[in-house]
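S.K.: Mind looking over this structure? Questions follow.
The values are calculated or read from the model by the stated rules, or taken from the named source; none is laboratory data. Keep in mind that what you see is a predicted model, and the values were worked out from it rather than measured. Quick reminder, even Gly has a Cβ in these numbers, built from the backbone with ideal geometry, and neighbours come from all protein chains shown. The protein model used for the area step is the full one, side chains on, heavy atoms only, and it has no ligands, DNA or RNA in it. Shrake-Rupley method; radii C 1.70, N 1.55, O 1.52, S 1.80 Å.
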Amino acid sequence: MINIESYTPTQGTLTAVCRNTHDSWNNTDTQQLSIGKTYEVEYAIIGRSWTMVCLKEFPNELYNSAMFNFYINGEDIRHIATDYRALKRMTNDNYHETTTLIYRSLSEARIAEIKELRNNTRILIRSELLK
């Protein structure tokens, strides 16, 4: 597991391993997820005290991030917020509102679709921040 203070984000694929199929925020069980299965994160919506993720395998759904353990290139990053905070430190970003962070290479059409769906949030593309 990483040391949060010394973690430096690198280019790579963010994967989510399902550890729970019950969404405690919505008090619902998620039928399409399987405990122990690995999914690829397409993007995350990061608020002050919550994070939702969209998975490549289910591009029209959002899931509570608390249902997963997260890895970048196989390294356990504990939580998406850990990666996001490190990106903010690297770029001297003091933005405090909800942000949509795109984690994988997507087509221009898919990015446009996400921007339309999430137009009330700031949208960042992780790979561009790490150039």
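S.K.: Can you tell me how many residues in segment 33-71 are at pLDDT 95 or above, open to solvent by less than 70 Å² (accessible area, probe 1.4 Å) and assigned to a loop (DSSP other than H, G, I, E, B)?
M.R.: 3
S.K.: Anything in segment 1-19 that is outside any strand (DSSP E or B) and either surrounded by 13 or more Cβ atoms within 10 Å (Cβ to Cβ) or touching a residue at least 12 places away in the same chain (Cβ under 8 Å) (or both)? List them, or say none.
M.R.: Passing the criteria: 1, 2, 4, 7, 8, 9, 10, 11, 12, 13, 19.
S.K.: Does segment 20-32 hold any residues that are in a loop (DSSP other than H, G, I, E, B), within 29 Å of residue 95 (Cβ to Cβ) and at pLDDT 85 or above, and which are they?
M.R.: If the condition is that a residue be in a loop (DSSP other than H, G, I, E, B), within 29 Å of residue 95 (Cβ to Cβ) and at pLDDT 85 or above, then 24 is the only one that fits.
S.K.: Considering (1) open to solvent by less than 30 Å² (accessible area, probe 1.4 Å); (2) within 13 Å of the chain's Cα centre (by Cα), say which one residue 23 fails and leave the rest.
M.R.: Here residue 23 clears every test but (2).
S.K.: A further question on this structure: Is it the case that some residue within segment 78-99 is open to solvent by less than 50 Å² (accessible area, probe 1.4 Å), under 22 Å from residue 26 (Cα atoms) and either of a type in the set (Ser, Thr, Tyr) or assigned to a loop (DSSP other than H, G, I, E, B) (or both)?
M.R.: Checked against the condition, which is being open to solvent by less than 50 Å² (accessible area, probe 1.4 Å), under 22 Å from residue 26 (Cα atoms) and either of a type in the set (Ser, Thr, Tyr) or assigned to a loop (DSSP other than H, G, I, E, B) (or both), segment 78-99 yields at least one hit.
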